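Just so you know, all these numbers are worked out from the coordinates, no wet-lab data involved. This one's a predicted model, so the numbers in the text were calculated from it and none came from an experiment. So basically every Cβ, Gly included, is an ideal-geometry build from the backbone, and we count neighbours across all protein chains shown.
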Amino acid sequence: MVFPSATAVAALVMSFAVASPLAARTAPRGVSGSAAATMKLAAGLWAPPKKSKPKPARDDDKREEELLRSPSKPGAGPKKRRPIKMDDSQEESEDKAEEGEEAEEGDDEGDEDKPKVTKHRKRVVEEEGEEDDEAPEPISSQPSVIPRLINFGIATAAMRRSFAYNQASLQGDAGFRIGYQLALESFPLVTQPNGWYRTLGVGAWYEKEYGDATHDTADGMFNGYPFSQSRWGFDVRYAIPAGDWVIVMPALGYGRMGADLQRTTPTTPTNCVAATATDPCFGDVKTSYLSIDVHIRVGLTPTLALSLSGGFLYGLGVARGPDQITAEGSASMKGFHVDAGATLLVNSWFAVNAAIPFRRYGFSYDAPTGATFTYRSAADTYYGLIAGIAVLTK
């Protein structure tokens, strides 16, 4: 058998490599079938490798991708993650990086997969700050002057009255009577922790004295009638602390004053001439007024305080009647009062007090046309001593 030379074999191989599959498929009719097959085989052996197609995804992979891409239920959003509380080390690192906290919070809101960090320590500090803002602010006044929830007093009153017309010939009244006084001062909101309204309070009082009204005659005899005098009122007051030892308290109120001579037969002032009258015959008094007052309390020690109060009395009306000082003509009233006192605390709920009051009511008459009386004014003055005890609550 004759073997081809090495040169012939190399030439045959190169011809197969250069030949394209198209040339192999379109081989001329003159070429034999075996030669064409041989050329196809050689072309297939030397053809460049084909690019492999991507493998189709398995069903399991597709299902997992769909689950990650869409929620399990239609319309349902991503599940909220529970906040993770920070430990001490995280809190310290957070305090050092306060400037970047807001940016980190924004990233946490945008990224649902990251856990949301709850700043537990900062929230506690904010709550403590709010509690500090709402902390009570105690009134710094001393116990002897501080406004109280209730300050109720009962006292003995010894008062002298002096009543006279501007016409000296007419009979007046002068007498010393003994009675009592009840007083109440309350600041109902003083126990509140804060607020301007804590020192808004009310005051009320009632005072009455009893005695006799007598008149001496020329023969040394005298006649008399029972007599009583009273004053009562109430006001709204506001305590303003001026330091720890001083309280300034303006007040606006309403009051009434009365004097009652229990004479069986009334008479006009003109017929009560002092030189000829055989018994007391001055008229009764009934008047109402508005009061504009200022109270000042100064603490000398935590248990001892001095007080001074005074104000203007603006008359609202004077009662008319046959037994009144207005029996012959209408009158108007204006007046004032001044009270100086002291309070000593025995303990936190009990005190003793005393006051020297002075009250003056001035009456001006408006004589009608054809009036026969000649007096045009009258003055009713009271002064004396009031002393008693008081029960206090904080």
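Numbers below:
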item: Integer Hz, Karplus 6.51/-1.76/1.60 couplings in order for region 294-308, x for Gly and Pro; result: 9, 10, 10, 10, 10, x, 8, 9, x, 10, 10, 9, 10, 9, 9
item: Cut-off 10 Å between beta-carbons: net charge of the residues surrounding Trp205, Lys and Arg +1, Asp and Glu -1; result: -2
item: Under Karplus coefficients 6.51, -1.76 and 1.60, residue-wise ³J(HN,Hα) of region 195-202 in Hz, glycine/proline x; result: x, 5, 6, 4, 9, 8, x, 10
item: Of Met249, Thr265, Ala342, farthest towards positive along the dipole that unit charges on Lys, Arg, Asp, Glu beta carbons give region 150-393; result: Met249
item: Dipole magnitude of region 174-281, debye to nearest 20 (Cβ charges: Lys/Arg +1, Asp/Glu -1, about Cα centre); result: 420 debye
item: Stretchable slack from Ile154 to Tyr383, in nm (0.36 nm times residue separation minus alpha-carbon distance); result: 80.6 nm
item: Total charge dipole magnitude, region 150-393, about the Cα centre, Cβ charges on Lys, Arg, Asp, Glu only, Debye to nearest 20; result: 520 debye
item: Three-way shape label, region 131-201, alpha-carbon gyration tensor, a/c 1.5; result: prolate
item: Semi-axis lengths (Å, descending) of the ellipsoid that matches the C-alpha gyration tensor of region 150-393; result: 39, 20, 13
item: Approximate spin-label separation Gln167-Val202, in nm, with each point projected 7 Å along Cα-to-Cβ; result: 4.5 nm
item: Under-5 Å amide H pairs with Ile150, H placed in peptide plane, nonlocal only; result: Phe187, Thr393
item: Net lengthening on full extension, Lys394/Val236 (0.36 nm per residue, minus Cα-Cα); result: 54.9 nm
item: Dipole of region 150-393, positive direction: furthest Cα of Pro368, Asn151, Thr278, with charges on the beta-carbon; result: Asn151
